[in-house]
Amino acid sequence: MLTPSRSQRQKAKLLRVLTNVPKAHYGATTSFRTVAPRTESTSSVGARPNNSQRRIQTLDLHRRAQIESKRLYKTLTDATQKPLFDKILIANRGEIACRVIKTARKLGIKTVAIFSEVDRNSLHVQMADEAYCVGPAPSAESYLRMDKIISVAKQSGAQAIHPGYGFLSENAKFATALEEAGITFIGPPVSAITSMASKSESKDIMLSAGVPCVPGYHGSNQDPQHLLSEARKIQFPVLIKAVLGGGGKGMRIVHSEPEFMEALESAKRESLKSFGDDNVLVEKYITKPRHIEVQVFGDMLGGAVSLWERDCSVQRRHQKIIEEAPAPNISEELRKDLCDKAVAAAKAVGYVGAGTVEFIFDDDAKTFYFMEMNTRLQVEHPVTEMITGQDLVEWQLLVAAGNPLPLTQSEIPLIGHAFEARIYAENPRNNFHPDVGKLVHLSTPIPSESVRLEEGFKQGANIEVFYDPLIAKLVVKGNDRTEALRVLRKALEEYQVVGLSTNIEVSPKPPFESLSVTE
């Protein structure tokens, strides 16, 4: 005689629990007229319960069944889920390192921090279970030292590395080195990183997958006269962009033909300095653009979903300052089309983990074009978490361990509206140049269900010249855009910094309310 397995016994118990609930308790048309099983009244033994008591008993039975079925369902899910990592290393610093540590701690995963000599007393070092120095202050000698980071991972026993954003997060060589060392890279496959790193190759892949791209030249012929000829075909104004670029570097807007050669030379020079490559592409410049991006997620089983879109149109020098989700003033049909195209883009490269497909949206024509895909967790991911109720870092850890996506597309909610304001140490009176110094005084809004803070520094910390000047991210949520903006304004008023200049005093402004793009 075969003995039922533990899983089979649990399924049988779940079935018994569900079948013991009266049929009328299921669905939207639930009726409480169904007579509940007879029970003894607390007021009169043997008396039949009245309608009020019967309704309470029925509700109570239904609640108990729901709780028990959820518990058993979770048990069944846990039984088939692949185990998470015991320990991970975070190859980053500041607020993103702290953000990853929070989720790891929630999941019972031990964390290893790395730090440069000037970051020895930083918040992420204090929060981690272990911390190791990887070199002097300059990034090239510390946070970009692949050999030292891998050595620390082996020494500490970390099974996986979370790269955060920036630094080595989109470095195919680093991902390859981790694979060779037997350490899991919490990110996409090397092939996806490589394909999406090249703006020209990525656009060819997207066009093949049916994803619309901005009209332009993405070829390998870099002769200046040939590029000028292609610009004439596209028609001015055009945008010159570094093939391996990002963050606005190696990018020039050219309004007319006489400006082209000088702008081309300037873009190539900056591209070579920033990325070690001076290849560029030429595209049609959209005069009234909006920057709309879609959060996508893929797993190792071929699954891919979108977690809706974000609008990142408020920028300064091509750097995002304010982000919001969902994007305002777009129809449900357009939202579906955007998200479907983004998922198609992810599937086209066999994407795994968190990624963002960025589109340029022509606000006049109401059309969108693929720009690029960021193969990492974005700075602005918390606004997506606010409207979906999901922890994207947790999703990353689950998927990297070989598990399927936690939710299907139809199960992903979209509730309310969220904003994120990046708090930078920079001086608005000095053309927003980065400011450095000590956070002498720091007073922040009190976190709540509608206000969230992602911080990398506390009062007394030093903001160093060696790194990005991002101090924190202020994330808020409301039932709609108007309410969320009101919450953001109030929270910004409560955010006080003494010791160095910040951009708080200029965000948000009236042009932001009307969705104007700042330069």
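Per-structure values
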{"quantity": "For GLU179: the one exception among (1) within 24 Å of the chain's Cα centre (by Cα); (2) in contact (Cβ under 8 Å) with a residue 12 or more places away in the chain", "calculated": "(2)"}
{"quantity": "Qualifying residue in segment 451-463 (condition: more than 17 Å from GLU95 (Cα to Cα), surrounded by fewer than 16 Cβ atoms within 10 Å (Cβ to Cβ) and at pLDDT 95 or above)", "calculated": "no"}
{"quantity": "Unique residue being out of contact with any strand residue (DSSP E or B) (no Cβ under 7 Å at 6 or more places or on another chain) and either more than 30 Å from LEU89 (Cβ to Cβ) or free of Cβ contacts under 8 Å to residues at least 12 places away in the same chain (or both) when the list is PRO237, PRO189, PRO212, PRO224", "calculated": "PRO224"}
{"quantity": "Search result, residues across segment 349-358 that are open to solvent by less than 20 Å² (accessible area, probe 1.4 Å) and not hydrophobic (A, V, I, L, M, F, W, C)", "calculated": "TYR351, GLY353, GLY355, THR356, GLU358"}
{"quantity": "Close pairs (7 angstrom Cβ cut-off, 6 or more residues apart or separate chains): under 16 Å from VAL352 (Cβ atoms) in segment 386-397, crowded, with 23+ Cβ neighbours inside 10 Å and aromatic (Phe, Trp, Tyr) anywhere", "calculated": "TRP395/PHE297"}
{"quantity": "Failed criterion for GLU117 (all others in (1) of a type outside the set (Ser, Thr, Tyr); (2) buried (at least 18 other Cβ atoms within 10 Å of the Cβ); (3) touching a Pro at 6+ places or on another chain (Cβ under 9 Å) hold)", "calculated": "(2)"}
{"quantity": "Segment 432-458: number of residues that are assigned to a loop (DSSP other than H, G, I, E, B) and closer than 16 Å to VAL118 by Cα", "calculated": "5"}
{"quantity": "GLN396 being open to solvent by 20 Å² or more (accessible area, probe 1.4 Å) and at pLDDT 95 or above", "calculated": "no"}
{"quantity": "Selection count where residues are among the charged types (D, E, K, R) and in a loop (DSSP other than H, G, I, E, B), scope segment 349-378", "calculated": "4"}
{"quantity": "All positions within segment 379-414 that are part of a helix (DSSP H, G or I) and hydroxyl-bearing (Ser, Thr, Tyr)", "calculated": "THR384, THR388, SER410"}
{"quantity": "Qualifying residues in segment 469-485 (those that are over 12 Å from SER448 (Cα atoms), charged (D, E, K, R) and touching a strand residue (DSSP E or B) at 6+ places or on another chain (Cβ under 7 Å)) - the one surrounded by the most Cβ atoms within 10 Å (Cβ to Cβ)", "calculated": "LYS473"}
{"quantity": "Complete set of residues in segment 266-303 that are crowded, with 21+ Cβ neighbours inside 10 Å and under 18 Å from ARG376 (Cα atoms)", "calculated": "ILE292, GLU293, VAL294, GLN295, VAL296, PHE297, GLY298"}
{"quantity": "Residue tally, condition closer than 22 Å to PRO413 by Cα, assigned to a strand (DSSP E or B) and open to solvent by 10 Å² or more (accessible area, probe 1.4 Å), over segment 306-348", "calculated": "1"}
{"quantity": "Lone unmet requirement of (1) under 21 Å from ILE415 (Cα atoms); (2) of a type in the set (Gly, Ala, Ser); (3) in contact (Cβ under 8 Å) with a residue 24 or more places away in the chain for GLY303", "calculated": "(1)"}
{"quantity": "Selected residue (criterion: nearest to the chain's Cα centre (by Cα)) from residues of segment 399-414 that are free of Cβ contacts under 8 Å to residues at least 60 places away in the same chain and open to solvent by 50 Å² or more (accessible area, probe 1.4 Å)", "calculated": "PRO406"}
{"quantity": "Of all residues making up segment 415-424, the number that are part of a loop (DSSP other than H, G, I, E, B) and buried (at least 23 other Cβ atoms within 10 Å of the Cβ)", "calculated": "0"}
{"quantity": "Matching residues in segment 313-331 - criterion: being closer than 30 Å to ALA401 by Cβ and not acidic (Asp, Glu)", "calculated": "ALA325, PRO326"}
{"quantity": "Of the criteria (1) more than 28 Å from VAL118 (Cα to Cα); (2) of a type in the set (Ser, Thr, Tyr); (3) buried (at least 19 other Cβ atoms within 10 Å of the Cβ), which one THR502 fails", "calculated": "(1)"}
{"quantity": "Strands (runs of 3 or more DSSP E) contained in segment 148-257 and holding at least 1 residues open to solvent by 30 Å² or more (accessible area, probe 1.4 Å)", "calculated": "251-254"}
{"quantity": "Residues within segment 375-386 that are over 10 Å from the mean Cα position of the chain (by Cα) and either within 20 Å of LEU301 (Cα to Cα) or surrounded by fewer than 22 Cβ atoms within 10 Å (Cβ to Cβ) (or both), tallied", "calculated": "1"}
{"quantity": "Hey, ASN431 within 30 Å of ALA140 (Cα to Cα) and without any contact (Cβ under 8 Å) to a residue 12 or more places away in the chain or not", "calculated": "yes"}
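Residues checked against (1) modelled with pLDDT of 95 or more; (2) farther than 30 Å from VAL282 by Cα; (3) in contact with a Phe, Trp or Tyr (Cβ under 8 Å, 6 or more places away or on another chain):
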position: ASP129; (1), (2), (3): yes, yes, no
position: LYS154; (1), (2), (3): yes, yes, no
position: SER169; (1), (2), (3): yes, no, no
position: ALA192; (1), (2), (3): yes, no, yes
position: ALA197; (1), (2), (3): no, no, no
position: LEU207; (1), (2), (3): no, no, no
position: GLY210; (1), (2), (3): no, no, no
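The values are calculated or read from the model by the stated rules, or taken from the named source; none is laboratory data. Predicted model, so just to flag it, every value in this text is computed and none were measured. Cβ sites come from the backbone with ideal geometry, for glycine too, and all protein chains shown count toward neighbours. These accessible areas exclude ligands, DNA and RNA; they are computed on the full protein's heavy atoms, side chains included. Shrake-Rupley method; radii C 1.70, N 1.55, O 1.52, S 1.80 Å.
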